[in-house]
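First the structure, in the form of structure tokens, and then the observations on it.
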Amino acid sequence: MVQLSTSVYLLGGLLGLFLLSPVLMAPTPASMCTALKTLNGSLSNRRRYMKHNFPINYTIRVHFEEVFKLSNINRMRLHVEGLEELVLQRLWFQVNRGVLKKIIRVMPKRHPSRQYTTELERRFRDAEGVFVQSHPAEVFQQELPESIQDTWDHLTEEPSRVPESSWRSAPPKSLLDNLCHTMHCLFSECFASTETKQDYCVSHWKRDLRPRS
């Protein structure tokens, strides 16, 4: 009886994994692409609102992990064994949710870019809502790889408990550039391109690593 019960549990677990795996490998749904393309349309105006309406060399304080570039994605893919794309997409939402909140927080109510950024954050939250609804709840309950979990924990830590060495200063436009570039990399199926997803990420990653004058 014990052996039979154990076999049933094992069979049930394997069946659950079998049923879940097509979901993890499924192409990005059309509703997700619609939401991301709407967000991308807003991001096309980021230069005007995030550079021209701020003082020269203006920066804000963000977590070290919130300076989230293509190089970060490629580094994780190289060093985290068995890393699923869905995990990176979840991390992308977590990172940039905090970035947008921090940008809004530093703006006075009458700042000329506040309305734009507030609308951008709303569209980001809409995309995140579609992302969550597009996957079964079990996906978001799965244990994250250790290094990804460490990053997640740092992002959700109380600001007063974050050591000074873990903060970085970054221009608002640079942060939104990162948001846009990494979105195109992680959700490349949603954006028409003659390049493959990997080629897109690598080519822009190399550009991201070039020394800046």
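Values in this text are rule-based calculations from the coordinates and carry no lab data. These numbers were taken from a predicted model, which means no experiment stands behind them. Virtual Cβ from ideal backbone geometry, glycine too; neighbours counted across all protein chains shown.
Highest first, please rank the peptides 177-186, 143-152 by the mean number of other Cβ atoms sitting within 10 Å of their residues.
So the order, starting with the most tightly packed, is 177-186, 143-152.
Projection of the Cα convex hull of the stretch 30-209, averaged over all directions and equal to a quarter of that hull's surface, yields 11.1 nm². Pairs of Lys residues in the stretch 30-209 are counted when their Cα atoms are under 18 angstrom apart and they lie 8 or more places apart or on different chains; the count is 13.
State whether the stretch 25-94 is rounded, prolate or oblate according to the following rule on the C-alpha gyration tensor (a ≥ b ≥ c being the square roots of its eigenvalues): a/c under 1.5 gives rounded; otherwise a/b larger than b/c gives prolate, and the remaining case gives oblate. The shape class here is oblate.
Just the C-alpha atoms of the stretch 66-145: what Rg/Rh do they give, with Rh taken as the Kirkwood radius? Kindly include the intermediate steps, with their values, before the conclusion.
Numbers: Rg = 15.2 Å, Rh = 14.5 Å.
Ratio of gyration radius to Kirkwood radius for the stretch 66-145: 1.05.
Here's the picture: charge each Lys and Arg Cβ at +1 and each Asp and Glu Cβ at -1 in the stretch 30-209, and of THR117, PRO163, HIS135 the one pushed furthest to the positive end of that dipole is THR117.
Once the other residues with Cβ under 9 Å from the Cβ of LEU39 are scored (Lys, Arg +1; Asp, Glu -1), what is the net sum? Numbers along the way, then the final one.
Values: positive: LYS37, ARG123; negative: ASP126.
Local net charge: +1.
Taking the average, over residues, of other Cβ atoms within 10 Å as the packing measure, peptides 51-57, 35-41, 110-116 rank 35-41, 110-116, 51-57 from highest down.
With the charge dipole of the stretch 30-209 set up from +1 on Lys and Arg Cβ and -1 on Asp and Glu Cβ about the Cα centre, the Cα lying farthest toward the positive end among the listed residues ILE148, LEU83, CYS185 is that of CYS185.
Ranked highest first by the average count of other Cβ atoms within 10 Å around their residues, in what order do 72-79, 124-131 fall? Walk me through the numbers on the way to the answer.
On the way: 72-79: 15.0, 124-131: 18.0.
Going by the mean number of other Cβ atoms within 10 Å, highest first, we get 124-131, 72-79.
Which ordering of THR118, THR156 is given by a fewest-first count of other beta-carbon atoms within 10 Å?
Values: THR118 13, THR156 10.
Fewest to most other Cβ atoms nearby, the residues stand as THR156, THR118.
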